[in-house]
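Beneath this line is the structure, given in structure tokens, with notes to follow.
The values are calculated or read from the model by the stated rules, or taken from the named source; none is laboratory data. All of these numbers come straight from a predicted model, not from anything done at the bench. A quick note on method: Cβ atoms are made from the backbone with ideal geometry, for glycine too, and the neighbour counts reach across all protein chains shown. Ligands, DNA and RNA are excluded from the accessible area calculation, which covers all protein heavy atoms including side chains. Shrake-Rupley method; radii C 1.70, N 1.55, O 1.52, S 1.80 Å.
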Amino acid sequence: MTSPESSGASSGTSSGPMTGKESAADGAPSAASGEQDGKEDIAALAKGGRTNVFGFLLRLAARLPFLFIAGRIYGAEALGRFAYAILIVEFAAQLATLGLKRGLAEQLSRTKRPHVHVVWDGLLVSLFASMLAAVLLILVPQIMFPNSEINGLDRFLPLVIFTIAGADIALAALAYRYDIASTVRARSIVEPWTISIAAFLFSYYSLRDGLILSYVVSMIAALIASLWPLFKSYGLPWGWRPKPIALAKLARRNMPLAAADAAEWGSRRLDLAILGLFASPAIVGIYYIAQQVASLPQKLKTSFDPILGPVITRNLEAGNMKAIANQVSQVGFWIIAAQAGIALALAIPGEAVMGLVGPNFVGGTGALAFLLAAEAVAATAVVSEAALVYIARHRNLLISLSMLLLQAALSVAFIQICMRLGWPPLFQAASVAAALMVALAYASVVKAIFLSKLLKAPVNGWRWSLIIAVIVATAVGYLATYLPEWAELIIGIPMILGSYAWVIWKWGFGPEDRKLFKMKS
């Protein structure tokens, strides 16, 4: 039951992500095999979830040193300049992937060609798109640095687009074979630790350019860490011949998916872009730190996309819509539960968390709280979209665009209110974060309802046990705020997470949920 907008996943021959499972000859699996496949899908999702949680902890441990170095050594103004430039470059890289971060799973599941050839088709078409984006930004570098002078090699920063897009596609290809460990290694170990170490070393060379140089080095390292396992898994593309017409069709076909990816990515950057039009680089730098802290739990849900995509596409092949609804709901609950706990643990002692970066950054605590809340409410939208991009990609794109319009309108309106009331500039930072939270809540409700209607099955990752867990953790966190700042971080955060996790485990988790913690799935 796919709409006219369907990606076509219901046709063609599926080679599958090396699972060894085949549909029945007539394409209609038996009830027993469908139930078994459903259990194996949940097991695969649980395994990916465990890896992602581990990756989150690694990324947290690696990202905090960078934020500390950036705030304490480089300062808010240099950080704001860096943040805006990277915002533009990463947006261009997001477009240059042409939706293949999620669309590659569909291409691989429907082709009879060697998978390594399909992957290299994707890398090549992304190379062309990256080239166009890089040339544009090199010719007009003011897009990246609207409020500061162009210095040294600033103009050539867009060359890093090739490394970002290439790594994303390589990791998507590995995820199709359920290799999430490579994503964790590249994005949660190599990339953040490289940028942290490089930022410290480059601080002795230039406080003006050190952050940008360290970013370039980290992206190159992440690309190498992505391509090496790709070659090991898929091998070299022997006999591959680029097909220009097929590549053009691939690019055109993926445009709605690329736009949806850009809208999802843009919703996490539009706030910074709008704030940069009204506030000073120092305020932008403070907001960037809050955004980076809040983006840590975001990785929990975005990293489910590679493992969720192949599972959804295979069930679309089999026409098993109820299984898709169950998987989306299951993953949605896992993400909401994890992000709510992390949000409480980082928001309640927010002043102490922001104070780690520097005393000038404590004023960003309000923005941090709204951003963490936004990540929690966005979980349903993200997992719903993981299915919508294959079933109704055009209408999903329209919903995403309407969310961006709502976010932009609310951001400008809230900033204007703050300015008219004469509130301090940091209130503007909190206001754009609040606008993001409202817009993401809207997208979650609309996309979940829309997907439920398409699948003719309920899609809901919410459970009432979450409220009990939030109340208990908030009470524990309130008591922790009476501790000294160092104890609030070292003792308070584990206490908040521990009390929250205990309630969720006791009253929120069922048998399927506990598969997330079984080492053999």
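Residues are listed down the side, and each one gets a yes or a no for (1) hydrophobic (A, V, I, L, M, F, W, C); (2) under 30 Å from Leu108 (Cα atoms); (3) at pLDDT below 90:
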| site | (1), (2), (3) |
| --- | --- |
| Ile161 | yes, yes, no |
| Ala170 | yes, yes, no |
| Thr183 | no, yes, yes |
| Tyr204 | no, no, no |
| Arg208 | no, no, yes |
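Check whether at least one residue in segment 156-167 is of a type outside the set (S, T, N, Q) and in contact with a Pro (Cβ under 7 Å, 6 or more places away or on another chain), and report yes or no. I'd like the intermediate steps shown before the answer.
Initial filter on segment 156-167 (of a type outside the set (S, T, N, Q)): 156-162, 164-167.
Checking the rest, the ones that are also in contact with a Pro (Cβ under 7 Å, 6 or more places away or on another chain) come to none.
No, the conditions are met nowhere in segment 156-167.
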Result of the Cβ filter at 7 Å on segment 456-467, keeping first residues that are over 11 Å from Lys322 (Cβ atoms) and at pLDDT 85 or above and partners that are surrounded by fewer than 17 Cβ atoms within 10 Å (Cβ to Cβ) and hydrophobic (A, V, I, L, M, F, W, C), at least 6 apart or interchain, is Ser465/Trp507
**Prompt:** Among the residues of segment 75-88, is there at least one that is closer than 18 Å to Ala263 by Cα, out of contact with any Ser or Thr (no Cβ under 7 Å at 6 or more places or on another chain), assigned to a helix (DSSP H, G or I) and open to solvent by less than 20 Å² (accessible area, probe 1.4 Å)?
**Reply:** yes
Going through (1) crowded, with 22+ Cβ neighbours inside 10 Å; (2) on the phi > 0 side of the Ramachandran plot one by one, Gly358 fails only at (1)
Residue in segment 232-243 that is open to solvent by 50 Å² or more (accessible area, probe 1.4 Å), at pLDDT below 80, closer than 28 Å to Val116 by Cβ and in a helix (DSSP H, G or I) present: no
Taking segment 106-162 and keeping residues under 21 Å from Tyr215 (Cα atoms), free of Cβ contacts under 8 Å to residues at least 40 places away in the same chain, aliphatic (A, V, I, L, M) and open to solvent by less than 70 Å² (accessible area, probe 1.4 Å) leaves Ile138, Val140, Ile150
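Report whether or not Ile449 is more than 16 Å from Ala325 (Cβ to Cβ) and open to solvent by 10 Å² or more (accessible area, probe 1.4 Å).
Numbers: more than 16 Å from Ala325 (Cβ to Cβ): no; open to solvent by 10 Å² or more (accessible area, probe 1.4 Å): yes.
Answer is no for this residue.
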(1) surrounded by 15 or more Cβ atoms within 10 Å (Cβ to Cβ); (2) touching a residue at least 24 places away in the same chain (Cβ under 8 Å); (3) assigned to a helix (DSSP H, G or I) all hold for Ser431 apart from (2)
